[in-house]
Amino acid sequence: LIDVRSFACKIAMTTREVPFDLTDLFRTGYALPITLDEGLPLDEAVQMLRDLDADGQLGIADAPQQTLADLAAAVRGFPRALLALCSALGWDRSLSLGDLIDSTKKKLPESVVHELVADGFSRLDEQAQSVMKVLAVFERAVPEVAVLYVVTKFHPALDCRTMLRRLVNTHFVRKDEFHRYDLHPLDRTY
């Protein structure tokens, strides 16, 4: 038998809606809850941005550390806000990191994540917004065929499969291991 306590593996899990029940793990000292009311520390937020641009397509992977630190600070390190920033860069290739920092700093009320979600959604074309709206109506992860069925009623010429792929690649839509699609709860609420 292998003693799992000898492994130095760390697993991070996050949730906004349903708290994990890890009571037994907390009691044994194998789990530590961390509340992210203030977002990630700056260095971790910068690393998350770099991780979200693993292929270098967004211009983040090679960006100066200070530029990414400014961007992370502008959204107070909130993981969903960092993801929304990467989504905006992925969707609108003409947008620069500098433009994104400037526009983000201008709208930094307490609802920074909501503002970023709204900004990202407004950058989508009408067809992409339609797919997002359909996914929001479902309120849970659904197979591609369900999205195709509804979307083609309103946009018969839309290549929904390609649009879903693009929305997944730009972090607007999530695809699970069962090939079902859904939205982050903040996007769905918006």
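The values are calculated or read from the model by the stated rules, or taken from the named source; none is laboratory data. Fair warning: this is a prediction, and the values are worked out from it, not measured in the lab. Heads up, the Cβs are rebuilt from the backbone with ideal geometry, glycines too, and the neighbour counts pull from every protein chain shown.
Per-structure values
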quantity	calculated
Count of residues meeting criterion [touching a residue at least 60 places away in the same chain (Cβ under 8 Å) and among the polar types (S, T, N, Q)] in segment 64-101	1
Enumeration of residues in segment 156-190 that are at positive phi and either aromatic (Phe, Trp, Tyr) or outside any loop (DSSP other than H, G, I, E, B) (or both)	none
Matching residues, segment 121-140, being surrounded by fewer than 18 Cβ atoms within 10 Å (Cβ to Cβ), outside any helix (DSSP H, G or I) and not basic (Lys, Arg)	125, 139
Number of positions in segment 148-185 that are free of Cβ contacts under 8 Å to residues at least 12 places away in the same chain, hydrophobic (A, V, I, L, M, F, W, C) and surrounded by 13 or more Cβ atoms within 10 Å (Cβ to Cβ)	0
Within segment 123-150, tally of residues that are within 16 Å of the chain's Cα centre (by Cα) and of a type in the set (Gly, Ala, Ser)	2
Helices (runs of 4 or more DSSP H) contained in segment 3-120 and holding at least 1 residues modelled with pLDDT of 85 or more, in contact with a His (Cβ under 9 Å, 6 or more places away or on another chain) and surrounded by 12 or more Cβ atoms within 10 Å (Cβ to Cβ)	42-52, 79-91
